[in-house]
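Please read the structure below before turning to the comments.
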Amino acid sequence: MNFKKNKLFVEKVNSLKIVKKYGTPTYCYSISRLKKNISNFQKNFSTINPLVCFSVKSNSNLQILKEIKKTGMGADVVSKGEMLQALKAGISPKKIVFSGVGKKTEELKYAIEKKILLINAESESEIFEIERLAKIKKEIVNVGIRLNPNIDAKTLNKISTGKREDKFGLTEKAFLKTLNNFKNSNFVKVKCLSVHIGSQITDYKPYLKMINELDRIIKKSNHFFEYIDLGGGMGIQYEKKTKLFNYKKYNSIIKNFLKKHKVKIIFEPGRAIIANSAVLFTQIIYIKNTDKKKFIILDAAMNDFMRPALYGSFHNIIPLLKKNKKSKKVHDFVGPVCETTDRFLSLKGFQNLKEKEFLAISDVGAYGMSLSSNYNLRPKPSEIMVNKKSMKLILKRQKLINFI
Ligand SMILES: Cc1ncc(COP(=O)(O)O)c(C=O)c1O
């Protein structure tokens with residue numbers, strides 16, 4: 001996204017042209033940004049040659065997944081639906097890992113049938129269920145066991161996943177016991193140790209702690225893991241004040257680890273790949289003035305983009321037409337949904353705005369459309385993809401008739 005003569009462009013397309021053609025709210029992705037993110041990620045870890053499995057929960061649009069597939073990435077899925085979508089995009093089952101604390105029997109059956117790379121189990125009961133299904137099929141199923149390393153990822157509490165009180169994975173004691181119980185199974189092969197301590201992590205130190213814990217626990221387990229799945233979680237710069245994640249440092253920590261453990265590394269990034277490749281275009285419906293502030297009522301709401309309401313997360317808002325005149329009043333950018341939390345941002349010093357003007361909510365590519373809902377019986381937005389001068393509809397706006 002960039003301004004040319006005060007007009008916001010996505011690659012080489014004027015944003016105004018996009019909103020006029022596709023309406024609002026509309027998610028708009030830049031394909032070159034996406035490709036750049038992927039190649040940067042791959043370059044950052046090129047010396048350790050990992051398998052990078054895109055976290056489909058962060059964005060499950062089929063066309064996006066097809067683009068991701070072209071780069072050789074695999075997929076990290078958390079449901080049968082996501083598995084189907086990844087396979088539909090052409091991603092090889094041999095590059096699919098299946099995570100999640102509550103996989104149902106039908107989902108496990110499907111994963112076994114498709115012979116995916118790994119089912120990353122999160123409880124002993126789950127592995128018993130996998131073993132039962134594998135026995136019926138007379139197959140050997142490759143699994144990972146997710147460790148809960150009890151590490152604070154120093155991120156928002158609501159997106160922390162690696163502390164003892166979080167529901168994910170197995171604590172060290174349970175992990176070692178489970179591993180021991182399945183060491184000699186005829187139907188389940190424990191090939192992987194998986195871990196994911198949280199999301200939007202901007203400091204490398206929690207990862208350093210995590211790797212040190214892995215080193216210690218692997219030695220203690222006396223088990224050979226073919227894969228170590230380090231999950232995702234690398235943060236992005238939603239706000240200028242956020243420091244950039246130090247990939248160099250993380251890479252060198254992993255390199256040191258690999259000197260002691262001859263394993264294949266798997267990553268499951270979502271946010272780092274897709275978050276900053278998209279904006280959500282929206283139009284101002286009304287402006288309501290009060291003594292203290294102005295409510296800028298948008299046609300996008302928390303059902304279209306839930307992160308600010310769900311996590312209190314920051315997403316900048318930018319105008320499609322830049323003007324110099326600034327308002328002194330606080331602007332509250334809100335949606336039309338009947339919830340007080342249906343608020344995107346509160347800002348002072350925004351440029352003067354008028355009803356019917358268009359705006360863009362930034363960095364919405366991850367956990368944007370994939371978290372959208374029909375709350376208040378509102379149809380889900382459309383999605384479009386920009387590639388240099390061209391734009392393409394990649395998901396039609398939902399029609400009321402399709403869900404009412
Ligand atoms: C198991 C697992 N892997 C990968 C991810 C992707 O995380 P991120 O988008 O922060 O990279 C998540 C998200 O929470 C997750 O739970």
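With respect to the conditions (1) free of Cβ contacts under 8 Å to residues at least 60 places away in the same chain; (2) part of a helix (DSSP H, G or I); (3) buried (at least 21 other Cβ atoms within 10 Å of the Cβ), I38 lacks only one, and its number is (1). The residues of region 66-79 that are of a type outside the set (S, T, Y), within 16 Å of the ligand (Cβ to nearest atom) and surrounded by fewer than 23 Cβ atoms within 10 Å (Cβ to Cβ), listed by number, are M73, V78. If you filter region 80-95 down to residues that are more than 15 Å from the ligand (Cβ to nearest atom) and not small (G, A, S), you find that the one that is surrounded by the most Cβ atoms within 10 Å (Cβ to Cβ) is I91.
Scan region 163-217 for residues that are within 13 Å of the ligand (Cβ to nearest atom), in contact with a Ser or Thr (Cβ under 9 Å, 6 or more places away or on another chain) and not aliphatic (A, V, I, L, M) and the total you get is 11. Of everything in region 329-373 that is touching a strand residue (DSSP E or B) at 6+ places or on another chain (Cβ under 6 Å) and among the hydroxyl-bearing types (S, T, Y), the residue that is surrounded by the most Cβ atoms within 10 Å (Cβ to Cβ) is S362. Scanning region 284-327 for residues that are among the aromatic types (F, W, Y) and under 25 Å from K240 (Cβ atoms) yields F305, Y311, F314.
Quick one: how many residues across region 218-233 are more than 9 Å from the ligand (Cβ to nearest atom) and not in a loop (DSSP other than H, G, I, E, B)? Residues flagged as more than 9 Å from the ligand (Cβ to nearest atom) and not in a loop (DSSP other than H, G, I, E, B) within region 218-233 amount to 6. Of the helices (runs of 4 or more DSSP H) that lie entirely inside region 51-166, those containing 3 or more residues that are among the aliphatic types (A, V, I, L, M), at negative phi and in contact (Cβ under 8 Å) with a residue 40 or more places away in the chain span 62-70, 124-137. If a residue has to be surrounded by 13 or more Cβ atoms within 10 Å (Cβ to Cβ) and under 26 Å from the mean Cα position of the chain (by Cα) to count, how many in region 1-11 make the cut? Of the residues in that region, 5 qualify.
Residues of region 35-56 that are over 13 Å from G74 (Cα atoms) and within 15 Å of the ligand (Cβ to nearest atom): N37, N40, F41, N44, F45. Among the residues of region 383-398, are any among the hydrophobic types (A, V, I, L, M, F, W, C), surrounded by 13 or more Cβ atoms within 10 Å (Cβ to Cβ) and within 12 Å of M302 (Cα to Cα)? The answer is no; no qualifying residue exists. State yes or no: is I116 in contact with a Pro (Cβ under 6 Å, 6 or more places away or on another chain) and within 30 Å of L310 (Cα to Cα)? Taking the combined requirement at face value, the residue does not satisfy it.
Looking across region 234-248 at every residue that is within 16 Å of the ligand (Cβ to nearest atom) and not in a loop (DSSP other than H, G, I, E, B), the one that is surrounded by the fewest Cβ atoms within 10 Å (Cβ to Cβ) is identified as Y247.
Each reported figure results from applying straightforward, stated rules to the coordinates on display, with no laboratory input. Quick caveat: nothing in here was measured; it's all calculated off a predicted structure. Cβ sites come from the backbone with ideal geometry, for glycine too, and all protein chains shown count toward neighbours.
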